[in-house]
Amino acid sequence: MQVNYVKMTLNMSKKQKKLFENKAEILKAMAHPARLRIIRNLIETGGCNVSKIQEFLLQPQSTISQHLNKLKAAGIVTGKRNGTEVTYKVTNEDAKKLIDLLIPEKAV
């Protein structure tokens with residue numbers, strides 16, 4: 001099995017390698033229970049601010065901000081500023097599909 005992986009990796013183009021790296025970054029960013037809950041909630045609500053996220057996660061604002069920063073850095077979430085408030089939304093279609101597969105709405 002290891003040999004096949006090595007052959008596959010050697011035969012990949014730079015574009016293919018970049019695609020795998022990007023997908024791995026999305027998975028790494030999502031790999032935390034709180035971030036999974038944040039993403040699920042943002043999908044269900046269509047977007048919300050940190051205060052609303054704090055209400056359902058019951059975690060400090062600073063912790064939520066750290067999670068959101070990781071999700072933003074991975075290109076999963078974007079924030080839109082309106083005055084002093086930022087509304088976050090899930091904009092990555094791969095992340096949406098993964099959440100729908102892993103945590104269907106009816107399971108929450």
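The values are calculated or read from the model by the stated rules, or taken from the named source; none is laboratory data. As the structure is a prediction and not an experimental result, all values here were calculated from the model. FYI the Cβ positions are ideal-geometry reconstructions off the backbone, even for glycines, and counts take in every protein chain you see. Only protein heavy atoms, including side chains, enter the accessible area calculation; ligands, DNA and RNA are left aside. Shrake-Rupley method; radii C 1.70, N 1.55, O 1.52, S 1.80 Å.
Out of the residues in region 96-108 that are closer than 14 Å to His32 by Cβ and open to solvent by less than 100 Å² (accessible area, probe 1.4 Å), which is farthest from the chain's Cα centre (by Cα)? I'd like the intermediate steps shown before the answer.
Looking only at region 96-108, we keep the residues that are closer than 14 Å to His32 by Cβ, and these are 98-99, 102-103.
Now restrict to residues that are open to solvent by less than 100 Å² (accessible area, probe 1.4 Å): 98-99, 103.
On the way: Leu98: 9, Ile99: 9, Ile103: 13 Å.
Among them, the one singled out is Ile103.
Being in a helix (DSSP H, G or I), without any contact (Cβ under 8 Å) to a residue 60 or more places away in the chain and surrounded by 15 or more Cβ atoms within 10 Å (Cβ to Cβ): is that true of Leu42 here?
Spelling it out, Leu42 is indeed in a helix (DSSP H, G or I), without any contact (Cβ under 8 Å) to a residue 60 or more places away in the chain and surrounded by 15 or more Cβ atoms within 10 Å (Cβ to Cβ).
Output the number of residues of region 50-95 satisfying the condition of being assigned to a helix (DSSP H, G or I) and open to solvent by 60 Å² or more (accessible area, probe 1.4 Å). Walk me through how you get there before you give the answer.
First, the residues of region 50-95 that are assigned to a helix (DSSP H, G or I): 50-57, 61-73, 93-95.
When the remaining residues are screened for being open to solvent by 60 Å² or more (accessible area, probe 1.4 Å), the result is 51-52, 54-55, 61-62, 66, 69-70, 72-73, 93.
Qualifying residue count for the region: 12.
Taking region 28-39 as the range and being surrounded by 13 or more Cβ atoms within 10 Å (Cβ to Cβ) and farther than 15 Å from Lys89 by Cα as the test, the residues that pass are Ala29, His32, Ala34. For region 91-99, state whether one or more residues are in contact with a Gly (Cβ under 7 Å, 6 or more places away or on another chain) and modelled with pLDDT of 95 or more. Yes, region 91-99 has at least one match.
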